[in-house]
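Okay, so here's the structure we're looking at.
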Amino acid sequence: MPLSWLMAQCYELMRNYGLAIVLFTLLTKVVLFPVSAWVHKNGITMVRIMPELNRIKIDHFGDGDAIAEAQQELYKREHYHALASTIPMFIQLILLVGVISAVRTWLSGATTALTWVPSETGGLTLLMPVAAGLSALALGFAQNHFNPLQREQSPASQWSTNGVSIAISLILGAFVPLGVGVYWIASNLLSIVQQLLLNALIPPKKYIDYDALSASKKELEGMQKLGGNASREDRAREKADYKRFFSIANKHLVFYSESGGFYKYFEDIIEYVLAHSNVAIHYITSDPKDGIFEKAKQEKRIKPYYIGEKRLITLMMKMDADIVVMTMPDLENYHFKRSYTRKDVEYVYVFHYPLSTHMVLPKGALDHYDTILCIGTFQFEEIRKAEEIYGLPAKKLLACGYGQLEKLLRSYAAMPKVQRERPKVLLAPSWQKDNILDSCVDSILSELLGKGFQIVVRPHPEYMKRYHARMNAIVERYKDKVGDELQFELDFTSNVSIFDSDVVISDWSGTAYEAAFVTLKPAVFIDTPPKINNPEYERLGVIPLELSLRDQVGIRVDPTHVEGLSERIRELIKDRERYASEIAAIRDRLIANIGSSGQAGGDYLLTRLQELASARASKES
């Protein structure tokens, strides 16, 4: 009855049934505007806290209970009401029921087509449900673009909501009087105007950090894509291995390998542990084809597990071992966390390159490790300086050495030494931005071709993976030169060419240093822009080896001035004996325990396990 009375008053003002319904609809929007403003603010609150909400999902990735608990705490703190967005819909439905009755009452006896019901009268009146659906579609597009909360939803979520509204509009327009259809169309169109007015009065950009929101979305999306290409068989295997890992109690020593290629950095340490103890080694790998599975068939004390990166996030949070050994930096900084269930797990970092810690690694990459098995004492100064400057707790530092270098030295010693007429030059760039292949490969090859060299171009495997088309273009450009003088090595199963060369040319690849330390032959370093992952590295006041060694184990060349490079390479080859003694002295000074790094690392792990076992026994007694 109140709605019928209000409609009658509107008619008295407008003297037109259709315009009276539009005015009535406008008045309901005005009366309910405070509720709409509250819902608008609530939506802004939700978008404002989305970066923090995404951070919760990242920090507790895979742990639904922890996410739900932290999410509720966040909602409570920010006074966000999850169901507030549904209030206008419920009010609209309640109003709709009243409007249907009011229109019928108000228009009873009136001579107007607004009393007709399209499903009963047919003809042109069937355009009403179409018009109602189109108005709902227009509102959906507007809300997707202007509503601060709805615009952040996925397209699927947006159009599932809009689809319901459009379906209701189509059905509603067909089975209620045309007057109700006019009300519904007016309500949808006025809702668009209302949203624009709310955005002007309470601008979302004033409260929402869209840059932070975008960054958190990208990080979360990246995590959700982890392990997305695993086969059904691998997923089943992963699930079984995950369950098996946690079914074993009292795990003392765990290694984690990012891929099959990382075992070589653990190999000497693992072999020492196996030879000098009865400790079982639990070896987690994110590579289903890791060679560790074959090795475990011969060595029963190696317990291998395939865990993809996505499930690894949860596994790491629930880690229950005494010691975890990894080559993966940035523990705790991103999605791989220290254990939430055991606070006494000791995390040990092993290097997979023989250089400095503070320029190539991002800031804070090692901050959350307890122990670092350093390549040499030169890394002590870098790590201690970072701890001092950033107020970090002191880590245990052990001058362990670099097992990979020892394996390379053994392999090189066993290689037959080839006498060749033409010096062999290996071009082995990195894959970072502005590397040799992307900046000066043509000028270098132009300088070397036809000068009596045997040239091998060996791109970084990551370059081939990311920029395969670029590499193909380079090969195509020089296809007429390929032969005895020029070769492209695109198969990375062998490292023979690296150590068989007379001179290695690189930019910032660690391959050049490894080759120099193994063969004692000088290298050529092209001074392309360095890879700086930590822009604050200069704060430590320690020059990274990546920079200081370039003049000590070879020569540096400006990428824009490679003229005379062929003559400089010949001079290096003639001066090989002097370089050999200098490079050997540098290597022996920098790299600890050459020939016994596995013993140094293995002894530390076994000693720590004994200490932890003794501590547990004392506590229990």
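Between Ala613 and Ile543, the distance separating the two model label sites (each 7 Å from Cα on the Cα→Cβ line) works out to 4.8 nm. Does region 155-245 come out rounded, prolate or oblate by the C-alpha gyration tensor, with a ≥ b ≥ c the root eigenvalues, rounded set by a/c under 1.5 and, if not, prolate when a/b is larger than b/c and oblate if not? Because a/c hits 1.5 or more and a/b fails to exceed b/c, region 155-245 counts as oblate.
When both region 467-505 and region 242-266 are represented by their alpha-carbon centers, they are found 36 Å apart.
From its DSSP helices (H runs of at least four residues, each -39,500 (n - 2.57)), the chain gives a residue-normalised ellipticity at 222 nm of -17000 deg cm²/dmol.
Quantify, in whole percent, the carbon and sulfur part of the accessible surface of region 210-321 (1.4 Å probe; protein heavy atoms only).
Whole-percent figure for carbon plus sulfur exposure: 49.
Taking each of Lys251/Lys619; Lys451/Lys479; Lys218/Lys343; Lys310/Lys407; Lys76/Lys205 in turn, the alpha-carbon distance tops 25 angstrom for Lys218/Lys343; Lys310/Lys407.
Applying 0.36 nm per residue to the separation of Ala414 and Glu485 and subtracting their alpha-carbon distance, the gain on full extension is 22.9 nm. Between Glu577 and Arg232, the simple spin-label model (points 7 angstrom out along Cα→Cβ) gives 6.9 nm.
Since only Leu398, Pro429, Ile323 are under comparison, the one whose Cα sits farthest along the positive direction of the charge dipole of region 295-442, derived from C-beta charges on Lys, Arg, Asp and Glu, is Ile323.
Labels on offer are [x] 168; [y] 154; [z] 237, and the one holding volume of the Cα convex hull per residue in Å³ computed from this structure is [z]. In the complete set of protein chains, residue-level accessible area for Trp38 is approximately 110 Å², probe 1.4 angstrom. Compared with the dominant Cα axis of the chain, that is its longest principal axis, helix 64-78 is turned about 60°.
Remark: the Lys396-Glu267 segment gains 44.3 nm on full extension, using 0.36 nm per residue and subtracting the alpha carbon distance. Packing, taken as the mean count of other beta carbons within 10 Å per residue, orders the peptides 551-559, 121-129, 476-484 from highest to lowest as 551-559, 121-129, 476-484. With R₀ set to 56 Å, the beta-carbon distance separating Arg384 from Val35 gives a calculated FRET efficiency near 0.40.
The label point for Ser157 and the one for Arg301, both projected 7 Å from the Cα toward the Cβ, are 5.2 nm apart.
For region 360-393, the residues whose backbone nitrogen is under 12 Å from a point 7 Å from the Cα of Glu332, taken along Cα to Cβ, are 364-371, 392-393. Given the protein chains as shown and a 1.4 Å probe, how many square angstrom of Met46 are accessible, to the nearest 10? That residue has around 20 Å² of solvent-accessible surface.
The values are calculated or read from the model by the stated rules, or taken from the named source; none is laboratory data. Since the model is a prediction, treat every value here as computed from it, not as a measurement. Cβ sites come from the backbone with ideal geometry, for glycine too, and all protein chains shown count toward neighbours. Note: accessible area is taken over every heavy atom of the protein model, side chains too, but ligands, DNA and RNA are not part of it. Shrake-Rupley method; radii C 1.70, N 1.55, O 1.52, S 1.80 Å.
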